[in-house]
């Protein structure tokens, strides 16, 4: 058995059934959609995306398996911490794309500049930059 050349995380974010597009992530975060598996009605079953070469997925919810989107769960279920070269620029793009803004960008004594937002599907993103 051949081992993978590299070990990495690929988060899978749950979205409501019936979602037809994920343009927010392209506009706000510069995400690139690599592959999409659709349902007969044109909605998204799985979308494979990448930000800066880092892979992640969106998968429609499966209530029977307890895989529900954050809004159905009643709030944030996971926080995605995305490290970028310019926190302020990413937060501005996210706001312009329709994000619900959380904490504004600020410098912390542990060496990061961070701010946050919630995307249209209820996922919280912490945008970080090492300073």
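See the values below:
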quantity: So residue 19, is it closer than 15 Å to residue 58 by Cβ, surrounded by 12 or more Cβ atoms within 10 Å (Cβ to Cβ) and under 14 Å from the mean Cα position of the chain (by Cα); calculated: no
quantity: Residue satisfying condition, being surrounded by 15 or more Cβ atoms within 10 Å (Cβ to Cβ) and within 26 Å of residue 128 (Cα to Cα), within set 10, 105; calculated: 105
quantity: Test set (1) crowded, with 17+ Cβ neighbours inside 10 Å; (2) under 26 Å from residue 37 (Cβ atoms); (3) in contact with a strand residue (DSSP E or B) (Cβ under 8 Å, 6 or more places away or on another chain); (4) modelled with pLDDT of 95 or more - residue 97 fails condition number; calculated: (3)
quantity: Residue within the stretch 28-44 that is surrounded by 16 or more Cβ atoms within 10 Å (Cβ to Cβ), in a strand (DSSP E or B), on the phi < 0 side of the Ramachandran plot and modelled with pLDDT of 95 or more present; calculated: yes
quantity: The lone exception for residue 91 - which of (1) within 26 Å of residue 45 (Cα to Cα); (2) within 15 Å of the chain's Cα centre (by Cα); (3) free of Cβ contacts under 8 Å to residues at least 60 places away in the same chain it fails; calculated: (1)
quantity: Within the stretch 47-70, tally of residues that are surrounded by 15 or more Cβ atoms within 10 Å (Cβ to Cβ) and assigned to a helix (DSSP H, G or I); calculated: 1
quantity: Among residues of the stretch 90-127, those that are more than 15 Å from residue 28 (Cβ to Cβ) and assigned to a strand (DSSP E or B), counted; calculated: 5
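The values are calculated or read from the model by the stated rules, or taken from the named source; none is laboratory data. Just so it is clear, the model here is predicted, and its values are computed rather than measured. All Cβ positions, glycine included, derive from the backbone under ideal geometry; neighbour counts span all protein chains shown.
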